[in-house]
Amino acid sequence: MRKPVAIPQEKISKWHIIEINPTNQEAFKRAPKQQEALSLFNKFKAINKEQLKEYKISTATLKALCEKGLIEKRTSTASFSALVQASPILKEEPLTLNEEQNQALKSIIYNKFNTYLLDGVTGSGKTEVYLQAIHKVLAQNKQVLILVPEIGLTPQTVSRFKQRFNVPIATVHSNLSDKQRFNIWQSIRHDQYPIVIGTRSSIFSPLNNLGLIVVDEEHDTSYKQQEGVRYNARDIAVVRAHKLDIPLILGSATPALETLHNAIEARYQHLTLRKRATNQTLPTIKCVETAKHGLAEEAITAIRETIKKQQQVLVFINRRGFSPTLICQDCKWISQCDQCDNPMTLHKYQTNLSRKEYLHCHRCDHRTPTPKHCPNCHSSYLHALGTGTQREEQELEKLFCDTPILRIDRDSTTRKGSLDSMFKQINTGEPCIIIGTQMLAKGHHFANLGLGIILGLDQSFFSSDFRGPERMGQLLTQVSGRIGRENKGASNIAQVIIQTQFTDHPLLQQLLAQNYHSFARTLLSERQLTAMPPYEFITIIRCHAQSPAIAEQFLRQARRQAEDTIAPSPSLQYLGPIPAAIAKRNNRYHFLLQIKTSSRNQRQLLLQHLCRYLESSKQPHGLHWLVDVDPLEF
Ligand code: ADP
Ligand code: ZN
Ligand code: ZN
C-alpha cells in the first residue's frame, strides 16, 4: 500500500450544498439573495472562501441557507487540493487516442449525472479512455472512484493508474485487515486520496468531493454481494452518481444484458469501441469435438506449434481440482458431501515435497480422505469422473515435458506471493502453458499469448440458471480476449480452440459467426418472450433452517401474507416455496419464494409490506431469512 506523501495539513472550509435541487421560486420570493446563492450552489456544489467574495455571498445569506438545511459547512485538511496542485497530475504522457476512443471521451459530460456504457471489444483501449476522463476530473480538483472486480487478480490494472498519475491512490479490497481498512477509510474521509480503486464494497467509500465513478468489467458477478446484506455495487453506483449529479462510466466488452437493455432503451449513453487499440485483429475461433480422453488431437498439435513459435498457450477450464466427482463403477455411488447436496471434488496433485489427495466440498469447505473402496458396496472400482485443472495439468505434463506449465486457480494461489511470481514468469514472455480457471478471464493483459484452448464449457448450455448462456458468452468472449493482444505480424494470427460436444449449438454458432452483441440481442429477445429480466423483475425471499419443514412453512406463511397484500395476476406471479438449487448446505435447508413482477413500483410496495410483516412476526428459533432483489443465483 503506497503511503500518501506528507503535506502540511492546513484546514480549509467550504460550504457544500446538501442536495441538488432546482431553486423553488415561491419559497424565495422574499429572499432573492438566498435564491441567487442557492443557484450558484446548484451549479458548483461547493463554494470556498474566495468564491464567496467573488460572488458577494454574505455571511447572513449562508446562515439562512444553513438553517433551512440546504447547505452545510465542511472542513477538511488542505491535503487533497494541495496534492493535486502541488505537482503535475500526470506522471507520463497520455497515449494519442484513436478516432473511436476520442469520440467516446468527447461524449462524456462532467459535472452532470449521466450513465455511459463504454462498450469496447477486449483490448480496444477502454482503460485509456478511463485514464483520460479521470485526468479531466482530477484537474477540476475532484476525486474519482474506480471499481474493479478483483484487485489481487489484476495488479496490472492498478499499476496502470499508478503509472499515469502523480497522486496518492488508495486500493481497497477484501484482503485488508480491519485495522488497515479502518485506516484507509479514515484517510479517504480526510481527503487524502484523489483516486480510490476498490472492489465491490468500496462503492461506499466516504469521498467528499467525488467527480466521477468508473465500474470496470461491469458485467462481473462479483459486484453482487451474495452473503449477508445483498446488494449490487454497479446498481449502487448508478444511485450514488445520480445523487451527486456526476457521470458514471460502466465499461465492458461483454455488457450484462440488463446494462445493454438500458443502453438500447437510451437510459444509458452507449459509447462503442469496435477495434483493438493496437490494431491487432481478434483471434480466430473454432470449435472441435470433445475427445474421449482429455485434449483433442487438433488442440495438441496447435499447442505444439505455438510453443515452437516461442509463444504462450492458455488452457482454460473453469473447474479446480482433479475431477469434480468420484463415482463407483459397480453401484454408481458418488462422493456426495454429507453436509450438503453437493458432490465432493477430488483433489490430487504433486508438490515438491509430497503427493496430496483428498475429497473437498467447495460449498462448505468440508474435507475427507479419498476412500480406497466404495463406502456403499466395497468395490475398488472408483472412477474420477470429469476433468478439473489438476487433471489437465497432469495430462499436459505428460505431453509437454520440456515446457513450463503454470496452474493458476484458487488452490495454487493461496500462498502469499505465489500469484505474483506466476505473473512475473508469464510476463517474461517465455513460452509456457498456463492452465487457469475464470481467475484468468478478468482483464489481464499478457503480451505473448498466441493460443487459447477452452474446455469444459458444455455444462453451461444446460444450466438451470436462466443466465447460463449469457455467462457462457461472456466467459468465452473474455477468455478469447486475452489471446493475441499484441501484434506478432500478419502471418501470425492468434487462435482460440473450443473443445465441445455441441459444435453445432445455435447460440455458440451465432457467437462465433457474429459477435457477442448479436448473441446478446438474441438472448434479450428470448428473455422478452419468456418474460424474464431485464423485462420483468425478480425478487427472492430466501430462508434457511435446521429442517426443510420449518423453512418451507415460513415461506408458505410469507406467500400467504404477500398474496393478501397484492393478489397474484399475470403481472405479479408467485413461485414457491421451493428448495434452492442446492437445498442442503452445511446441514441447513435452503428454500426460496420467488416473486416476479413487471412493475418496479409494485414490487417496492409489496416488499415494504412484506418485510414489515416478517420483521414483526415471531420466527422459529434458528431460522434466517432475507430478501434478494434481482438475484444472480437461485
Ligand atoms: P481494454 O481495457 O479495452 O481491454 P486496454 O486499455 O488494456 O484495453 O488496451 C489494450 C492495449 O492497447 C494496451 O496495451 C494499451 O496500452 C494499448 N492502447 C490503448 N489505447 C491506445 C492508443 N490510443 N494508442 C496505442 N495503444 C493503445
Ligand atoms: Zn459401489
Ligand atoms: Zn459440503
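In nm, what is the difference between 0.36 nm times the number of residues separating Gln329 and Gln350 and their Cα-Cα distance? Don't jump to the answer; show the numbers that get you there.
Working: separation 21, 0.36 × 21 = 7.56 nm, distance 2.56 nm.
Full extension of this stretch gives 5.0 nm more.
Cα centroids of the stretch 144-193 and the stretch 461-496: 29 Å apart.
Would the stretch 226-316 count as rounded, prolate or oblate if I go by the C-alpha gyration tensor, calling it rounded below 1.5 in a/c and otherwise prolate when a/b exceeds b/c, oblate otherwise? It comes out prolate by the Cα gyration axes.
Could you tally the net charge around Ser547, taking each other residue with its Cβ under 11 Å from the Cβ of Ser547, Lys/Arg +1 and Asp/Glu -1? Walk me through the numbers before you get to the answer.
Working: positive: Lys584, Arg588; negative: Glu552.
My count for the surroundings of Ser547 gives +1.
Return the subset of Lys14/Lys43; Lys275/Lys442; Lys356/Lys398; Lys348/Lys372; Lys14/Lys179; Lys43/Lys162 for which the Cα-Cα distance in this structure is over 24 Å, preserving the input order. Could you put the intermediate results ahead of the total?
Details: Lys14/Lys43 15 Å; Lys275/Lys442 19 Å; Lys356/Lys398 19 Å; Lys348/Lys372 14 Å; Lys14/Lys179 30 Å; Lys43/Lys162 31 Å.
Check vs 24 Å cut-off fails for Lys14/Lys179; Lys43/Lys162.
Evaluating 6.51 cos²θ - 1.76 cosθ + 1.60 at θ = phi - 60° for every residue in the stretch 322-327, the Karplus couplings come out as 8, 8, x, 8, 10, 10 Hz, glycine and proline recorded as x.
When only C-alpha pairs under 8 Å and at least 6 residues apart count, what is the relative contact order of the stretch 307-379, in percent?
Working: 99 pairs, mean separation 17.0, N = 73.
Over the stretch 307-379, the number comes to 23 percent.
Peptides 473-482, 168-177: what's the order by average Cβ count within 10 Å, highest mean first? Before the final figure, lay out the partial values.
Values: 473-482: 24.2, 168-177: 17.4.
Peptide ranking by packing, descending: 473-482, 168-177.
Legend: calculated FRET efficiency, Thr428 to Thr301, from the Cβ-Cβ distance at R0 = 30 Å, rounded to 0.05, equals 0.75.
Taking the chain as a whole, the Cys residues whose C-beta sits 4.7 Å or farther from every other Cys C-beta are Cys66, Cys287, Cys364, Cys401, Cys432, Cys543, Cys611.
Ordering Ala567, Leu508, Phe519 by the projection of their Cα atoms onto the charge dipole of the stretch 493-634, which places +1 on the Cβ of Lys and Arg and -1 on the Cβ of Asp and Glu, puts Ala567 at the extreme positive end. Computed packing ranks the peptides 216-225, 141-150 as 141-150, 216-225, most packed first, by mean other Cβ atoms within 10 Å.
When the Cα positions of Ala277, Gln336, Gly251 are compared along the charge dipole of the stretch 236-356, Ala277 comes out farthest toward the positive end, with charges on each C-beta of Lys, Arg, Asp and Glu.
Taking only C-alpha pairs under 8 Å that are 6+ residues apart, what is the relative contact order of the stretch 438-496 in percent? Write out the running numbers ahead of the final one.
Details: 61 pairs, mean separation 29.9, N = 59.
Answer for the stretch 438-496 is 51 percent.
Overall, the anisotropy analysis places the stretch 217-369 in the oblate class: the square-rooted eigenvalues a ≥ b ≥ c of its C-alpha gyration tensor yield a/c not less than 1.5, with a/b not exceeding b/c.
Only aspartates and glutamates eight or more places from Lys309 in sequence, or on another chain, were considered; those with a Cα closer than 15 Å are Asp402, Glu430, Glu486. Each Cα pair under 8 Å and six or more residues apart adds its separation to the average, and for the chain the resulting relative contact order is 12 percent.
Close amide H pairs (under 5 Å, H built 1.01 Å from N) link Lys584 with Asp341, His590, residues at least 5 positions away or on another chain.
Count neighbours as other Cβ atoms within 10 Å of each site's Cβ, and list the GluC sites (Glu not before Pro) in the stretch 256-347 that are DSSP loop with at most 11 such neighbours. Spell out each step's value before the answer.
Numbers: sites: Glu258, Glu265, Glu289, Glu297, Glu298, Glu305; in loops: Glu265.
For GluC sites (Glu not before Pro) across the stretch 256-347 that sit outside H, G, I, E and B with at most 11 neighbouring Cβ atoms in 10 Å, the list reads Glu265.
Going by Cα centres, the stretch 208-233 and the stretch 282-358 are how many Å apart? Using only Cα atoms, the two centres lie 32 Å from each other.
Here the stretch 315-448 is assigned +1 on the Cβ of each Lys and Arg and -1 on the Cβ of each Asp and Glu. Its dipole about the Cα centre then comes out at about 240 debye. Overall, the chain carries a charge dipole of about 1860 debye about its Cα centre when +1 sits on the Cβ of Lys and Arg and -1 on the Cβ of Asp and Glu, all other atoms neutral. Net charge near Cys337, counting Lys/Arg +1 and Asp/Glu -1 over other residues with Cβ under 11 Å of its Cβ? That works out to +1. For trypsin sites (Lys or Arg not before Pro), the sites in the stretch 310-409 that DSSP calls loop and that have at most 14 other Cβ atoms within 10 Å are Lys332, Lys372. Cα-based values for the chain, radius of gyration first and Dmax second, are 27.5, 93 Å.
Available extension along the chain between Ile582 and Glu563 is 4.2 nm, counting 0.36 nm per residue and deducting the alpha carbon span.
Read-outs throughout are calculated quantities, based only on the coordinates presented, and are distinct from any laboratory measurement. All figures in this text were calculated on a predicted structure; none of them were measured in a lab. As a convention, Cβ positions derive from the backbone with ideal geometry for all residues, glycine included, and neighbour counts pool all protein chains shown.
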